[in-house]
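Visitor: Sending over a structure as structure tokens; questions will come in a sec.
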Amino acid sequence: MLSKQQLDQFSRDGVLLVEDVADQTTLAVMRQALADLVDKSRPVTQHNAIYDLEPTHTAERPRLRRVKHPHRRHPVFNNFARSEPLLGILKQLLGPDIRMHSSKLNVKSDDGGSGVEWHQDWAFHPHTNRSLLAVGLMMEDCRMENGPMLVIPGSHQGTVHDHNANGRFCGAIDPDSVPLDYEHAIPCVGKAGTISLHHAFAVHGSANNTSPFPRPLLLYEFMSADNWPLMGVSDLEEFESRMICGQTTYAPRLEAVSVRLPLPAATNLGSIYENQTQLKRRYFAPADAKESA
Ligand SMILES: O=C(O)CCC(=O)C(=O)O
């Protein structure tokens, strides 16, 4: 359970770290499941429904940026979303009725694994109310040199920023156009088993991994069951299968929220990493990419 101080911190900063949410047995099963998924990616040569590949991915040295929807790939990732103590924490923040929005496993491979430009999750999928947050489980110890997720404290209290470039949604904020305190973002570092929680409006991103160790971050987004996506629900059965506790409802709760629809749709809907390269001024691009841009 979160203390009053932790709840206040989340409400003030829009980000919070909580240690020891996953136990060692769960972490070991997750690491093996990831190792198996990486192994199976060897023959894959293009991003697909399961994998987002690093540009340096080869069959001999498989390197992933992301495993998409890990909760559909292995039961350990589905079960963790429904496990205590995570569920207890989520109920404190979202109430008794909770649905998973999505899951992803950002692998951030050793020796250069891709970072993610500044963005707000809300820009990708605005909803009818603000009860939407992300959980990031550190599957390994995460330090500054691993390229931890960075979250700008208090940024969740603002509006949704422009995430378009070249006339289309690109999933990234131009830091020159949106003045925020990027230098004082809170790094989500900690030992394996720690989770980060960040609000869907919180501006966050991360640099490339410059260390010899991968930085697997298992991310889920969760929302109150009465929080419905403004872009609609294409498969009701699948939507309902993501209820993790409590009761669904067909009566969305409406709040006066700041909204920009993610339109016109990004060119490459399968990859935030590819879409973000559309941004002219990339905050986290490695120096060689910046020079050739
Ligand atoms: O992997 C990271 O450091 C950032 C994750 C993130 O914000 C995302 O995938 O949307």
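Values in this text are rule-based calculations from the coordinates and carry no lab data. Computed from a prediction, not measured in an experiment: that's the story for all the values here. We place every Cβ from the backbone using ideal geometry, glycine too, and count neighbours over all the protein chains shown.
Visitor: Filter the range 256-267 for residues that are more than 14 Å from the ligand (Cβ to nearest atom) and touching a residue at least 12 places away in the same chain (Cβ under 8 Å) and give the result.
Guide: Val257, Ser258, Val259, Arg260, Leu261, Leu263, Pro264, Ala265, Thr267
Visitor: Which is outside any loop (DSSP other than H, G, I, E, B), farther than 28 Å from Arg63 by Cβ and either touching a Ser or Thr at 6+ places or on another chain (Cβ under 7 Å) or not basic (Lys, Arg) (or both), of Phe201, Phe222?
Guide: Phe222
Visitor: In addition: For Leu93, all conditions in the list (1) assigned to a helix (DSSP H, G or I); (2) within 20 Å of Ser241 (Cα to Cα); (3) in contact with a strand residue (DSSP E or B) (Cβ under 8 Å, 6 or more places away or on another chain) hold save one; what is the number of the exception?
Guide: (2)
Visitor: Kindly provide the set of residues from the range 204-232 that are among the aromatic types (Phe, Trp, Tyr) and within 14 Å of the ligand (Cβ to nearest atom), ordered by number.
Guide: Selection gives Tyr220 alone.
So that you can scan it fast, the table gives a plain yes or no per residue for (1) within 21 Å of Arg143 (Cα to Cα); (2) away from the ligand (no atom under 15 Å from the Cβ); (3) touching a residue at least 60 places away in the same chain (Cβ under 8 Å); (4) small (Gly, Ala, Ser):
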| residue | (1), (2), (3), (4) |
| --- | --- |
| Lys191 | yes, yes, yes, no |
| Ala200 | no, no, yes, yes |
| Ile244 | no, yes, yes, no |
| Leu254 | no, yes, yes, no |
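Visitor: Residues Pro70, Pro55: which one is within 16 Å of the ligand (Cβ to nearest atom) and either under 21 Å from Thr277 (Cβ atoms) or crowded, with 22+ Cβ neighbours inside 10 Å (or both)? Let's see the steps before the verdict.
Guide: Values: Pro55 fails: within 16 Å of the ligand (Cβ to nearest atom).
Sole residue among the options that is within 16 Å of the ligand (Cβ to nearest atom) and either under 21 Å from Thr277 (Cβ atoms) or crowded, with 22+ Cβ neighbours inside 10 Å (or both): Pro70.
Visitor: Next question. Residues of the range 106-134 being closer than 27 Å to Asp23 by Cα, in a strand (DSSP E or B) and near the ligand (Cβ under 9 Å from one of its atoms), which ones?
Guide: Across the range 106-134, the qualifying residues are Asn106, Ala134.
Visitor: Within the range 140-174, work out how many residues are surrounded by fewer than 23 Cβ atoms within 10 Å (Cβ to Cβ), of a type in the set (Val, Ile, Thr) and within 15 Å of the ligand (Cβ to nearest atom).
Guide: Qualifying residue count for the region: 1.
Visitor: Among the residues of the range 161-173, are any under 19 Å from Glu221 (Cα atoms) and assigned to a strand (DSSP E or B)?
Guide: No.
Visitor: Here's another thing I want to ask about it. Of the residues Leu90, Leu137, which is surrounded by 21 or more Cβ atoms within 10 Å (Cβ to Cβ) and away from the ligand (no atom under 13 Å from the Cβ)?
Guide: Leu90
Visitor: Is it fair to say Gln32 is out of contact with any strand residue (DSSP E or B) (no Cβ under 7 Å at 6 or more places or on another chain) and part of a loop (DSSP other than H, G, I, E, B)?
Guide: no
Visitor: Now, a different point. Do you know which residues across the range 175-189 are without any contact (Cβ under 8 Å) to a residue 40 or more places away in the chain and within 12 Å of the ligand (Cβ to nearest atom)?
Guide: Ala185
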